[in-house]
Amino acid sequence: MVQHEPEISVLGAHLERLQRQHLYRRRETVDSPQGVELVIDGRSFLNFCSNDYLGLANHPQVVEAFQSGVLRYGVGAGASHLISGHSRAHQALEEELADFVGAPRALLFSTGYMANLGAVGALTDRRGTVFEDKLNHASLIDAARLCQASVRRYPHGDLGRLQALLAESAGKKLVLTDGVFSMDGDVAPLSALTELARRHGATLLVDDAHGLGVLGAGGRGSCEIFRQPVASPLILMGTLGKAFGTFGAFVAAAEEVIETLIQHARAYIYTTALPPAVAEATRASLRLVRTEAWRRDLLRERISQFRRGAGELGLRVLDSATAIQPVILGDPDAALAAAAALRQHGILVPAIRPPTVARNASRLRITLSAAHTASHVEHLLDALARLPGLPG
Ligand SMILES: *Cc1c(COP(=O)(O)O)cnc(C)c1O
């Protein structure tokens, strides 16, 4: 057998190459709670890169529910759901989430990433075929790889191509799509996708990480705006770390789907349940999501304000009506320079570069929140107007 040398020196060379190509990623250490202002290294920044779309991550009622959850249940869940980690808090949250999205049942997962891995793995196998929009979130891409099914990717939103691919494959068919695409902010055509899935005997899994809580008068997300019930052939995956401001995720579907996940989803079975206090906090945030529609109204106002202003500046924004508002700059270096210049103005906006997006589609990815005020958005627009080298 050939013996290989440890390859740590190769890793070092690879990391240096990433640095030279300006593709090296670094973390920021935040000293404040999540909110529209973040404190980093003693300096306060205006935050336009959070997924806390409704301003619930540090809401007093959510914090209080978390604290009383800890007093009642302690911190750790202690085990997986199937052993002894499934608490009354988890059970109650699952029932409330199912009721919220109008599904027969919901099943909690520890993260959205794991929910996608678990659901895709449980619903197909190596004889099946998984269909993916090219712009799907990495967790959906990884889920299909892990389950070893054949994978067919269709160009973003190209339903004609999807139809052709569905027609030419046999066996179990599972179509995966983001509800709101995480880098472009556009919405998947769920009515047409559901119809296509139905016609070809396929199942449709919608990952609504960025739609749930935000879209629709009731906050029920992409399914609400397309009036699609969470019923066969559609399965919904929602995350709790974004608009809900807490942590975790769930899959909502028909009874048999949920029972299948409990039996077969490895990312459900072989992991510790999320802390019960997080479930209690999420129950509080779900109540706010349901009852405080004014948060969605405010967010919509900020989105319109930003789009109006960006249009006046001649910025290249995408056709997004959601909280995700990318400004396309093209070159990765241009995106990096713009993000650095905004940071100088005390504004945090991430530069999104390859491999997350195509090389010529590097961008600033601005995310808006109901917690932003009109003057926060004005401040951002002023700073964008002063960026060197931008059109406008
Ligand atoms: C954030 C995100 C996930 C992952 O959810 P986590 O709970 O953060 O693991 C999955 N899909 C999409 C589209 C996302 O944006």
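The values are calculated or read from the model by the stated rules, or taken from the named source; none is laboratory data. Worth saying up front: this structure is predicted, and the values here are computed from it rather than measured. Using ideal geometry, Cβ is built from the backbone for each residue, glycine included, and neighbour counts are taken over all protein chains shown.
Annotation: of all residues in region 206-229 being away from the ligand (no atom under 16 Å from the Cβ) and within 20 Å of Leu123 (Cβ to Cβ), the one that is surrounded by the most Cβ atoms within 10 Å (Cβ to Cβ) is Gln228.
Checked against (1) touching a residue at least 40 places away in the same chain (Cβ under 8 Å); (2) of a type in the set (A, V, I, L, M, F, W, C); (3) in contact with a Leu (Cβ under 7 Å, 6 or more places away or on another chain), Ala98 passes all but a single condition, namely (3).
Of the listed requirements (1) surrounded by 21 or more Cβ atoms within 10 Å (Cβ to Cβ); (2) in contact with a Lys or Arg (Cβ under 7 Å, 6 or more places away or on another chain); (3) under 17 Å from Gly309 (Cα atoms), Ile328 misses just one: (1). Number of residues in region 289-336 that are in a helix (DSSP H, G or I) and modelled with pLDDT of 95 or more equals 23. Restricting region 44-89 to residues that are hydroxyl-bearing (Ser, Thr, Tyr) and under 29 Å from His264 (Cβ atoms) leaves a set whose member that is surrounded by the fewest Cβ atoms within 10 Å (Cβ to Cβ) is Ser84. Sub-8 Å Cβ pairs linking a first residue in region 1-20 that is outside the structural domain of Asp333 (by TED's automatic domain parsing) and under 30 Å from Pro332 (Cβ atoms) to a second residue that is modelled with pLDDT of 60 or more and surrounded by 10 or more Cβ atoms within 10 Å (Cβ to Cβ), at least 6 apart or interchain, are Leu15/Tyr24; Leu18/Tyr24, ordered by first then second residue. Among the conditions (1) in the same structural domain as Leu368 (by TED's automatic domain parsing); (2) surrounded by 12 or more Cβ atoms within 10 Å (Cβ to Cβ), Asp41 misses just one, which is (2).
Taking the condition buried (at least 24 other Cβ atoms within 10 Å of the Cβ) and either within 16 Å of the ligand (Cβ to nearest atom) or under 21 Å from Glu94 (Cβ atoms) (or both), does Ser232 pass?
So Ser232 fails the test.
Restricting attention to region 337-385, the residues that are under 26 Å from Ala138 (Cβ atoms) and part of a helix (DSSP H, G or I) total 9. When restricted to residues that are in contact (Cβ under 8 Å) with a residue 40 or more places away in the chain and out of contact with any Pro (no Cβ under 7 Å at 6 or more places or on another chain), region 344-354 contains 7. Taken over region 252-267, residues that are within 12 Å of Met114 (Cβ to Cβ) and more than 12 Å from the ligand (Cβ to nearest atom) amount to 3.
Within region 103-127, being away from the ligand (no atom under 12 Å from the Cβ) and surrounded by fewer than 22 Cβ atoms within 10 Å (Cβ to Cβ) holds for Pro104, Arg105, Gly121, Ala122, Asp125, Arg126, Arg127.
Would it be correct to say that Gly55 is in contact with a Ser or Thr (Cβ under 8 Å, 6 or more places away or on another chain), more than 15 Å from the ligand (Cβ to nearest atom) and either under 26 Å from Thr322 (Cα atoms) or assigned by TED's automatic domain parsing to the domain that holds Leu364 (or both)? Here the answer is yes, as Gly55 does meet what is asked.
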